[in-house]
Amino acid sequence: GRSAVAAATPARGVTVVIGGPGTGKTAVLAAAAVRRVSSGSSLDRIVVLSHSRAAAQQVRRQISRRLDRAQTSPQVTTIHGLSLGLLRRYWPHESSPWRLLRAPEQERRIRELLEGMPPEAWPEEVRPALGTRAFSRQLREVLARTRQLSMDPEVLAAHASAAGDGLFSATARFVEEYLTVGDFSGTLDYAELVYRSRLLLTEPGVAAGVTAAFDAVLVDDVQEADPAQIGLLADLAALGLPLLALGDPQQRIGGFRGAAPTALADLAALPGARVMTLEQGHRASAAVADSLGPLSERIEARMAPPSPEPP
């Protein structure tokens, strides 16, 4: 449709494209990448991002099918993959390349650090839980949310002190030790990786290198991004890189891992952003689409899902 063609046309600034299932968001992303190549760019200068490795493979195939054989294979990755590349290039570890900690490794490290801390470092009411896997998992969630909200241990400690919360005061001290061990060993978890990438982009030399290396940023399934990842995309746009962000605001699939329900709205609120909507469905039959229409109208979601009303 005309809206899909317009959305795929290269443009400056921030473009937010909203569409439900089957409206062709990924096809628009692939077409946008190909059009930028046709306009004189090259695939290695276009940042194409998806929310998972599996989704990135699908996007890569769609782009490859649209390209001439003379073109190289498109480089499609996740926000974490982009962040790791930036960190290794502009903030290399002293002894070895930065390495990502998978969830099981991160929990194991947390348990090891807990075993090395005296129980008196924690409030008495939680001491019986210190050796349990549940406590380690909850600490991992706190670590992730802290960085997703761009907070450091000092800020967390200040909030805990102001609230008189002994548990979070102890947690802030734990976060500080956890980060110190990570720096020493050259390992990062996913949330820490994005946090440090945002810090990197505040350095003029890094910002200049990034804008010289890339021509545009194209992102699929933006509704799956957490606040820190949305902040990273906004940082790239603030450097002057054109940003095309596509997503479905009515989805909440990644909410359990911190996906921001206002992700699309946050990007649409950036200075000069334009918002486009894909309304024509290509997946469901006409009868199914007609039956879903009234439901979509009741949800009335444009930029973000509605918040549940209290009972």
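Using the rule -39500 (n - 2.57) for each DSSP H run of four or more residues, divided by the residues of the chain, the 222 nm mean residue ellipticity is -16000 deg cm²/dmol. Counting only protein heavy atoms and a probe of 1.4 Å, the accessible surface of segment 96-145 is 52% carbon and sulfur.
3J(HN,Hα) couplings calculated from phi for segment 185-200 with the Karplus curve 6.51 cos²θ - 1.76 cosθ + 1.60 (θ = phi - 60°) are, in sequence order, 8, x, 10, 9, 8, 5, 5, 5, 4, 5, 4, 6, 5, 5, 4, 4 Hz; Gly and Pro show x. Taking label positions 7 Å along the Cα-Cβ direction at both Arg252 and Arg102, the computed distance is 3.0 nm, reported to one decimal.
The amide H of Arg99, built 1.01 Å from its N in the peptide plane, has Thr187, Leu188 as neighbours under 5 Å, considering only residues 5 or more places off or on other chains. When DSSP beta bridges are restricted to pairs lying wholly in the chain, around 0% turn out antiparallel.
Sequence-ordered 3J(HN,Hα) estimates for segment 247-263 from the Karplus curve with 6.51, -1.76 and 1.60 and θ = phi - 60° stand at x, 10, x, 8, 8, 10, 4, x, x, 5, 10, x, 4, 7, x, 9, 3 Hz, glycine and proline given as x. Here segment 17-87 has 45 percent of its accessible surface on carbon and sulfur atoms, given a 1.4 Å probe and all protein chains in place.
Heavy-atom accessible area per residue, the chain, 1.4 Å probe: how many Å²?
Normalised by residue count, the accessible surface of the chain is 52 Å².
Amide H contacts for Ala216 (H built 1.01 Å from N in the peptide plane; partners 5 or more residues away or on another chain; cut-off under 5 Å): Val47. Rolling a 1.4 angstrom probe over segment 183-263 with all protein chains present gives an accessible area of which 62% lies on carbon and sulfur atoms.
Converting phi to 3J(HN,Hα) with the Karplus coefficients 6.51, -1.76 and 1.60 and the offset θ = phi - 60°, segment 36-45 yields 5, 5, 5, 8, x, 7, 10, 4, 6, 10 Hz in sequence order, with x at every glycine or proline. A cut-off of 5 Å between modelled amide H atoms, ignoring neighbours fewer than 5 places along the same chain, links Thr277 with Ile18.
Across segment 1-47, the volume of the C-alpha convex hull divided among the residues equals 81 Å³ per residue. The distance between label points at Thr262 and Ala54 comes to 3.1 nm (points 7 Å beyond Cα on the Cα→Cβ vector).
Normalising the average separation of contacting C-alpha pairs (under 8 angstrom, six or more residues apart) by the number of residues puts the relative contact order of segment 104-234 at 26 percent.
The values are calculated or read from the model by the stated rules, or taken from the named source; none is laboratory data. In this text the structure is predicted, and so the values were computed from the model without any measurement. Don't worry about glycine lacking a Cβ; one is built from the backbone with ideal geometry, like all the others, and counts go over all protein chains shown. Remember, those area values only see protein heavy atoms, side chains included, never the ligands or the DNA or RNA. Shrake-Rupley method; radii C 1.70, N 1.55, O 1.52, S 1.80 Å.
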